[in-house]
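Structure first, commentary second.
The values are calculated or read from the model by the stated rules, or taken from the named source; none is laboratory data. Here the structure is a predicted model, which is why all the values come from computation and not from measurement. Don't worry about glycine lacking a Cβ; one is built from the backbone with ideal geometry, like all the others, and counts go over all protein chains shown. Surface accessibility is based on the protein's heavy atoms, side chains included, excluding ligands, DNA and RNA. Shrake-Rupley method; radii C 1.70, N 1.55, O 1.52, S 1.80 Å.
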Amino acid sequence: MSVSKLIGAVSAAMMLAAPAFAQGYPERQVTMIVPFAAGGPTDTVARLVAERMSADLGQQVIVENVGGAGGTLGAGQVAKADPDGYTVLLHHIGMATSDTLYRNLAYDTENAFDYVGLVTDVPMVVVARKDFEPADFPAFVSYVKANGDKLTMANAGIGAASHLCGMLMMQALDVPLVTVPYKGTGPAMTDLLGGQVDIMCDQTTNTTQQIKGGTIKAYAVTMPERLALFPDLPTTIEGGLPDVQVSIWHGIYTPKGTPAEVNQRLSASLQKALADESVATSMAELGTAPATAEQATPEALKAKLESEIARWKPVIEAAGVYAD
Ligand code: ASP
């Protein structure tokens with residue numbers, strides 16, 4: 001057999017093998033890596049969908065937290081995993097911003113992953129410890145401008161959503177705050193509640209209960225419109241900071257080379273999970289909403305990632321913030 005015929009025969013066999021592999025998928029548990037600490041906003045979203053996806057797939061989708069380096073450690077772990085559909089990544093906007101923020105990222109963002117679909121888009125809130133002096137957002141802005149060098153701002157490392165929002169705020173206020181990085185805003189919230197750090201930008205999926213319970217202070221939302229959940233909270237635009245606008249989209253990825261049928265199976269399962277009324281209710285209680293069926297597709301996530309890398313690149317370059 002000639003070499004070209006042999007290659008043809010091998011690839012034909014592989015094409016036949018892929019659907020057969022996908023048909024039986026999944027035959028064992030699937031690990032969903034969350035690149036932040038347990039108990040934080042991304043973990044909360046992941047556990048909500050993983051539970052419903054487990055029911056649909058007939059196998060457990062186990063959430064594993066691999067926090068650190070703003071989400072890049074966990075993403076790097078998935079980039080290196082076998083592309084067999086048994087390791088997936090649930091990450092957020094940090095997947096796009098890290099591509100510019102890190103000079104030596106351990107993976108090539110646009111070529112190391114395949115796509116399953118978008119999950120949700122979460123608003124952020126500017127919050128502070130309960131006894132933080134300013135009474136409202138205008139007072140917060142003046143206070144932070146005047147005392148920036150004495151204030152600490154928690155985040156989940158360079159590449160985290162809390163870092164991005166903090167970076168936009170420091171740029172808008174022209175004040176360098178002392179940042180305190182955590183493996184996720186779950187542990188950062190513990191310190192904010194304890195008063196060990198002063199301020200943070202965090203997603204409603206991690207702040208809603210505390211704001212409602214009065215255990216932290218909320219100042220503004222980073223969305224163009226006020227949230228139904230907190231109608232009294234002004235937007236950053238109303239507060240004169242139109243550049244501090246960001247919402248935290250989340251998506252599910254697989255390692256590059258995962259059979260397309262497997263990604264489609266996971267996408268169908270994600271769509272079912274997001275259509276579940278209990279998921280929609282839980283998300284609404286946390287100030288967010290499930291992605292639509294059209295958004296929960298490989299094509300939509302790929303397009304989102306590409307457009308968001310392009311969108312944030314000039315913003316990050318203007319801020320001049322980088323990590324190695
Ligand atoms: N999403 C991160 C977490 O789950 C926090 C962040 O990105 O700021 O901890």
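Worth pointing out:
- For peptides 116-123, 252-259, 129-136, sequence by mean Cβ density within 10 Å, most packed first: 116-123, 252-259, 129-136
- Sulfur and carbon atoms: percent of accessible area, the chain [1.4 Å]: 54
- Taken along the Cα-to-beta-carbon direction at a fixed 7 Å, the label points for ALA275 and GLU238 span 3.7 nm.
- Considering only alpha-carbon pairs that sit under 8 angstrom and 6 or more positions apart, the relative contact order computed for the chain is 27 percent.
- Label-to-label distance, nm, for residues given as GLU306 and ALA139 (7 Å Cα→Cβ offset): 4.9
- For the chain, a Gaussian network of Cα nodes joined below 10 Å ranks TYR107, TYR115, TYR143 by mean-square fluctuation, and the top entry is TYR143.
- Pairwise FRET efficiency - GLN23 versus ASN147, Cβ, R0 = 41 Å, nearest 0.05: 0.10
- Gyration tensor verdict on segment 146-199 (Cα atoms; rounded if a/c is under 1.5, prolate if a/b is larger than b/c, oblate otherwise): oblate
- Here segment 203-267 yields Rg over Rh of 1.21, to two decimals, using C-alpha coordinates and the Kirkwood radius.
- Antiparallel bridges, percent of DSSP beta bridges restricted to the chain (to nearest 5): 60
- Hypothetical label at ALA289: residues of segment 226-245 whose amide nitrogen lies under 14 Å (7 Å Cα-Cβ projection): 226-229
- Antiparallel DSSP beta bridges within segment 112-224, percent to nearest 5: 60
- Efficiency of FRET from Cβ geometry, ASP82 and ASP131, R₀ 56 Å, rounded to 0.05: 0.65
- Per-residue Karplus couplings for segment 24-40, computed as 6.51 cos²θ - 1.76 cosθ + 1.60 with θ equal to phi - 60°, are listed in order as x, 6, x, 9, 8, 5, 10, 9, 9, 7, 10, x, 9, 5, 4, x, x Hz, Gly and Pro entered as x.
- Kirkwood hydrodynamic radius (C-alpha pairs) into Stokes-Einstein, the chain, 10 °C and 1.306 mPa s, D in µm²/s: 78
- Under the Debye formula (equal points on every Cα, no solvent term), log10 I(q)/I(0) of segment 182-324 at q = 0.18 Å⁻¹: -1.30
- Nearest-ten-degree value, helix 41-57 long axis tilted from longest Cα axis of the chain: 30
- Residue-wise HN-Hα coupling along segment 97-109, computed from phi with Karplus coefficients 6.51, -1.76, 1.60 (Hz; x: Gly, Pro): 6, 4, 4, 9, 5, 9, 6, 10, 5, 6, 9, 9, 3
- The heavy atoms of ASP82 offer some 100 square angstrom of accessible surface to a 1.4 angstrom probe.
- Here's the picture: a label point sits 7 Å out from the Cα of ASP174 along the beta-carbon direction, and within segment 139-167 the residues with their amide nitrogen under 20 Å of it are 139-151, 166-167.
- In the chain, the DSSP-assigned H stretches of four residues or longer account for a calculated mean residue ellipticity at 222 nm of -14500 deg cm²/dmol, using -39500 (n - 2.57) per stretch and the full residue count as denominator.
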